[in-house]
């Protein structure tokens, strides 16, 4: 009987100490992970038919909180955000590196969400539009989801048009390159920007639609102009109205690389002279 009382007393003391430690230890605040945290649904698709090698199904767009406000330089303007958008692509089975596309806007910062989904965070919502195509590429295959992006009217009203003040296409003209006895007709697309191209240990590239150019691109004097030289056949293949951007390293349009992106507007072939 005495042994029983002693055991009971020890148990009470142990529990008391455990309770006291639990009360006294400060709780660490939960860190918000926008890759995984619960978001507010903006819109989603409904397709259940798998397509492509990765057996893609549908999409979901959510608004998620950031762990702390982040400042971004997007098209020359500072923006301070405390929320982001998370676009998730579901699949029956997906793995490896991928890029998600919204129309011509590439989103290469894709992360895995298990074996059945990939996602990407979007900070620049101006790349979204109602009816946009959503695609996924992996270097071997480019697959466009059958469902287009459908945005509610109240969300669409918050999207500002894509404009970079001081950056534009200023001329499209026919030219002729003569090397010895070879005459090569060309189309020159000239662009200017108020935001000078800095000296970088990286190659400046140009994207028109889903076409990328590097060797055909040259900088003008002063670091404020670019000229793209392409054969007439290549120019004819470019989509009229395609977005035109210059970038270093990656054509990431999520907003995270906004300082490295120059937006020149849309290609207008009627400018050709």
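Tabulated results
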| quantity | calculated |
| --- | --- |
| Test for residue 105: is it under 23 Å from residue 34 (Cα atoms) and at pLDDT 95 or above | yes |
| Output for segment 84-126, where each listed residue is in a loop (DSSP other than H, G, I, E, B) and within 15 Å of the chain's Cα centre (by Cα) | 97, 98, 103, 104, 108, 109, 110, 123, 124 |
| Residues being crowded, with 16+ Cβ neighbours inside 10 Å, at pLDDT below 95 and assigned to a loop (DSSP other than H, G, I, E, B) - total across segment 257-273 | 1 |
| Residue in segment 76-90 that is assigned by TED's automatic domain parsing to the domain that holds residue 127, farther than 30 Å from residue 168 by Cβ, out of contact with any strand residue (DSSP E or B) (no Cβ under 6 Å at 6 or more places or on another chain) and surrounded by fewer than 17 Cβ atoms within 10 Å (Cβ to Cβ) present | no |
| Qualifying residues in segment 236-248 (those that are touching a helix residue (DSSP H, G or I) at 6+ places or on another chain (Cβ under 8 Å) and not in a loop (DSSP other than H, G, I, E, B)) - the one nearest to residue 208 (Cα to Cα) | 247 |
| When residues of segment 226-242 are limited to those that are surrounded by fewer than 20 Cβ atoms within 10 Å (Cβ to Cβ) and under 23 Å from residue 194 (Cβ atoms), the one farthest from the chain's Cα centre (by Cα) | 227 |
| Selection within segment 225-235 - farther than 30 Å from residue 128 by Cβ and outside any strand (DSSP E or B) | 231, 232, 233 |
| In segment 172-187, the residues that are surrounded by fewer than 16 Cβ atoms within 10 Å (Cβ to Cβ) and part of a strand (DSSP E or B) | 173, 174, 175, 176, 177, 178, 179, 182, 183, 184, 185 |
| Single residue of 176, 151 found to be modelled with pLDDT under 95 and in contact with a strand residue (DSSP E or B) (Cβ under 8 Å, 6 or more places away or on another chain) | 176 |
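The values are calculated or read from the model by the stated rules, or taken from the named source; none is laboratory data. Just so it is clear, the structure is predicted and the values come from calculations on it, not from any experiment. We place every Cβ from the backbone using ideal geometry, glycine too, and count neighbours over all the protein chains shown.
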